[in-house]
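**Q** Sharing a structure, written as structure tokens. Questions coming.
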């Protein structure tokens, strides 16, 4: 069963969808989408993953970060820190669902959502299992080297934002990037971690996954390198491979 949900963060509405399994109470998993994404994600990746996990007996909450999808706010106002706040509130919302076993909660994030998920799991204290898909390990590096935008105080566009394709990247986001350090935070997360990354990812190099593996201190962490996998695993075979591995991971760990 799939239902619409919404919750508030700092007075702004966050749109969400929850997938409820046939037998409850059951463990829950929250999903953090990527930069410029939304709760369906590219080629409906999050929808397909949520339905597969639900079929395996898990409640799954997909949500749009503020400024993305159907949630309130402007994209140019979002920051990594604001997305972490959204994710923490999403976890609280998931735990409050009557169909959810609040002591058995997982978290998965894609791309920038993986960075957000890593920090959120470390800060929340109650996440039992974490999956990182194509996760960004160092946003400053990507912004500075690939986008050629500044991430320190100084000379910024007088408009207060930069044009990045069809999106406006706000100065608050750029200033926030150096302040959020997932590789410094994730060592405090002691639960099982599944790091999934494609070896053909052109957006976030595989090296980011290896940095996460070096930083993770959990005794139960594994790196799954997807052969020929691009950033969002954009073929039927790649998508199924990642969804099956992640569903199995959460079904076992939760």
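The values are calculated or read from the model by the stated rules, or taken from the named source; none is laboratory data. Small disclaimer: the values here were computed from a predicted structure and weren't measured. Heads up, the Cβs are rebuilt from the backbone with ideal geometry, glycines too, and the neighbour counts pull from every protein chain shown.
**Q** Give me the residue from the stretch 119-139 that is out of contact with any strand residue (DSSP E or B) (no Cβ under 6 Å at 6 or more places or on another chain), touching a residue at least 40 places away in the same chain (Cβ under 8 Å) and outside any loop (DSSP other than H, G, I, E, B) and, out of that set, surrounded by the fewest Cβ atoms within 10 Å (Cβ to Cβ).
**A** Taking the candidates together, the pick is 123.
**Q** Take the residues in the stretch 70-88 that are more than 12 Å from the chain's Cα centre (by Cα) and over 16 Å from residue 171 (Cα atoms); name whichever of them is surrounded by the most Cβ atoms within 10 Å (Cβ to Cβ).
**A** By that ranking, first place goes to 71.
**Q** Yes or no: residue 195 crowded, with 21+ Cβ neighbours inside 10 Å, closer than 26 Å to residue 89 by Cβ, touching a helix residue (DSSP H, G or I) at 6+ places or on another chain (Cβ under 6 Å) and at pLDDT 95 or above? Lay out the reasoning, then the answer.
**A** Values: crowded, with 21+ Cβ neighbours inside 10 Å: yes; closer than 26 Å to residue 89 by Cβ: yes; touching a helix residue (DSSP H, G or I) at 6+ places or on another chain (Cβ under 6 Å): yes; at pLDDT 95 or above: yes.
Considered against the rule, which asks whether it is crowded, with 21+ Cβ neighbours inside 10 Å, closer than 26 Å to residue 89 by Cβ, touching a helix residue (DSSP H, G or I) at 6+ places or on another chain (Cβ under 6 Å) and at pLDDT 95 or above, residue 195 comes out as yes.
**Q** Only one residue in 254, 238, 175, 183 is under 17 Å from the mean Cα position of the chain (by Cα) and either farther than 23 Å from residue 45 by Cβ or at pLDDT 95 or above (or both), so which one is that?
**A** 183
**Q** In the stretch 153-168, how many are loosely packed, with under 12 Cβ neighbours inside 10 Å and either assigned to a loop (DSSP other than H, G, I, E, B) or out of contact with any strand residue (DSSP E or B) (no Cβ under 9 Å at 6 or more places or on another chain) (or both)?
**A** So the answer is 7.
**Q** Output the residues belonging to the stretch 94-118 that are part of a helix (DSSP H, G or I) and within 24 Å of residue 4 (Cβ to Cβ).
**A** Scanning the stretch 94-118 gives 94, 95, 96, 113, 116, 117.
**Q** Name the one entry in 91, 142 that is modelled with pLDDT under 95, buried (at least 17 other Cβ atoms within 10 Å of the Cβ) and in a helix (DSSP H, G or I).
**A** Working: 91 fails: modelled with pLDDT under 95.
The match here is 142.
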